[in-house]
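The values are calculated or read from the model by the stated rules, or taken from the named source; none is laboratory data. Note that the structure is predicted; figures quoted are calculated from it, not measured. Cβ sites come from the backbone with ideal geometry, for glycine too, and all protein chains shown count toward neighbours. Accessible surface is based on the protein model in full, side chains and every heavy atom, while ligands, DNA and RNA are left aside. Shrake-Rupley method; radii C 1.70, N 1.55, O 1.52, S 1.80 Å.
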Amino acid sequence: IYADPAKRLELYFRPKDPYCHPVCANRFPTSTMLLRVRRRTKKKQQVDTEEQIQPEVQFEMEILGIVTTVYKFQGMSDFQYLAMHSGPDGKQTSMYDKVLMLKPEKEEFFNRDLPLYIPPPIFSRLDTPIDYFYRPDIQHREGYNNPQVSGENLIGLSRARRPHNAIFVNFDDEEIPTKPLDAAVQNWKKVCTNPVDKKVEEELRKLFEVRPVWSRNAVKANISVHPDKLKLLLPYLAYYMLTGPWRSLWVRFGYDPRKHPEAKIYQVLDFRIRCGMKYGYAATDMPVKAKRSTYNYSLPITVKKQGSHTVSVHDLKQGLGTAGTSGAKKSPSSRYKLKESIYIFREGALPPYRQMFYQLCDLNVESLQKIIHRNDGTESECTERDGWCLAKTSDDLRDSMSLMIKQIIRSTRPALFSNTTSSEDGKEQLAYESGEDEDDEEEEEEDFKPSDGSENEMETEILDYV
């Protein structure tokens with residue numbers, strides 16, 4: 001526990017009981033001393049038996065060392081659930097000898113008729129008392145009637161809409177926006193108060209002039225802008241595609257990729273590194289490590305969590321120059337920039353994450369570009385699945401990219417493939433490794449972390465605006 005600062009120290013009142021829920025202690029830094037105190041008692045000789053002489057007591061103290069870390073039990077104990085069964089007469093019977101397997105048992109042990117006993121893994125997620133701030137009853141005007149409950153209004157928003165004012169467009173929508181919302185313009189003008197922000201706005205305008213469709217990660221790799229400002233700047237210059245071959249991408253106002261066959265190079269490819277034991281290596285053998293794992297899951301019973309820094313309008317106006325210590329290490333022109341590997345795929349290089357969203361024009365491999373441009377000049381219809389490309393183009397690209405990545409892994413870790421045959425190289429189909437994962441080693445090299453989650457935020461950035 002001491003080796004991992006994020007873990008909590010657990011104390012079990014009944015260590016031999018597997019159903020005992022512990023109390024948890026939080027780790028705190030301290031500067032105290034460890035003392036050894038000796039109490040020595042010396043009895044005096046009694047001259048008269050009637051008089052009682054007090055013994056002489058001496059204390060000796062010695063400093064053994066300095067304590068830098070302490071664990072404090074500040075939370076309440078969880079509910080304790082005993083393996084008991086209530087009989088018809090109300091008598092409690094212990095079931096520990098019937099449900100605990102202390103040694104290898106025969107089949108009869110598992111076929112016994114016992115009362116159902118399924119204790120919950122946890123009773124409460126928090127171990128500190130909290131106040132529930134319930135919303136007060138809404139006072140309506142006279143004559144107001146509640147709307148009828150239906151499928152449309154059964155579940156409503158749990159919080160107010162975030163004021164970023166992005167415009168979302170589905171693939172089936174007939175019209176596309178030509179200008180931003182007035183609120184989006186006002187939000188950006190409110191924080192665009194220094195020359196750095198105006199320069200970033202001009203740089204992003206030039207990017208959309210050169211290329212009308214961009215992913216947010218690609219923008220982050222080309223210009224240095226704080227993510228909280230980028231949330232306000234993107235809705236000012238582009239709209240967001242929700243579905244179709246350009247989903248999760250930002251499109252310049254007035255540009256409709258569904259009407260331009262040349263826009264197929266801007267389509268998105270959802271690529272996930274494939275792995276499987278039958279191919280000689282598992283997920284744990286991958287050079288690209290996973291950020292999260294079900295094997296390391298811990299219950300969220302933290303007493304104190306470090307609160308994230310809330311960015312105010314005042315901070316945005318000041319350019320966020322003092323937000324974080326990375327400002328002293330990197331120049332303002334590259335402080336928030338991401339590496340090119342965040343959105344460009346190159347032959348011979350591993351992706352930084354197990355799941356990546358690439359635009360087709362960012363696949364810098366000649367063989368992949370040949371697959372993309374197989375139907376140049378003959379595009380007839382833009383479909384929601386394949387866009388302007390031929391059917392199953394995405395599948396062909398994923399297969400080719402997976403073979404390239406496996407060759408890289410084979411060259412770096414040949415021992416993993418000592419039992420595999422080379423005759424299967426042309427037909428290798430690997431199982432998908434899904435999930436939004438992140439390379440921990442890559443994260444350590446980054447001085448700036450764009451958010452608390454994965455840096456590959458294309459699939460979830462819609463949550464920033466709703």
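Any residue at all in segment 200-217 that is open to solvent by less than 60 Å² (accessible area, probe 1.4 Å) and more than 27 Å from Glu262 (Cα to Cα)? Checked against the condition, which is being open to solvent by less than 60 Å² (accessible area, probe 1.4 Å) and more than 27 Å from Glu262 (Cα to Cα), segment 200-217 yields at least one hit. Remark: pairs (first residue in segment 9-24, surrounded by 12 or more Cβ atoms within 10 Å (Cβ to Cβ); second residue among the β-branched types (Val, Ile, Thr); Cβ separation under 7 Å; 6+ apart in sequence or on different chains) = Leu9/Ile1; Leu11/Val23; Cys24/Ile301. Considering only residues that are more than 16 Å from Asp17 (Cα to Cα) and open to solvent by less than 70 Å² (accessible area, probe 1.4 Å), which ones fall in segment 73-92? Result: Gly75, Ser86, Gly87, Gly90.
Of all residues in segment 367-387, those that are in a loop (DSSP other than H, G, I, E, B) have Cβ atoms under 9 Å from Cβ atoms of residues that are β-branched (Val, Ile, Thr) and open to solvent by less than 70 Å² (accessible area, probe 1.4 Å), 6 or more apart or on another chain, in His373/Ile265; Arg374/Thr393; Asn375/Thr393; Glu384/Thr243; Asp386/Thr393.
Number of residues in segment 95-125 that are loosely packed, with under 10 Cβ neighbours inside 10 Å and polar (S, T, N, Q) equals 1. Within segment 172-190, the set of residues being open to solvent by 30 Å² or more (accessible area, probe 1.4 Å), out of contact with any helix residue (DSSP H, G or I) (no Cβ under 8 Å at 6 or more places or on another chain) and not hydrophobic (A, V, I, L, M, F, W, C) comprises Asp172, Asp173, Glu174, Glu175, Thr178, Lys179, Asp182, Gln186, Lys189. If only residues of segment 322-366 that are at pLDDT 90 or above and assigned to a strand (DSSP E or B) are counted, the one that is most open to solvent (accessible area, probe 1.4 Å) is Arg346.
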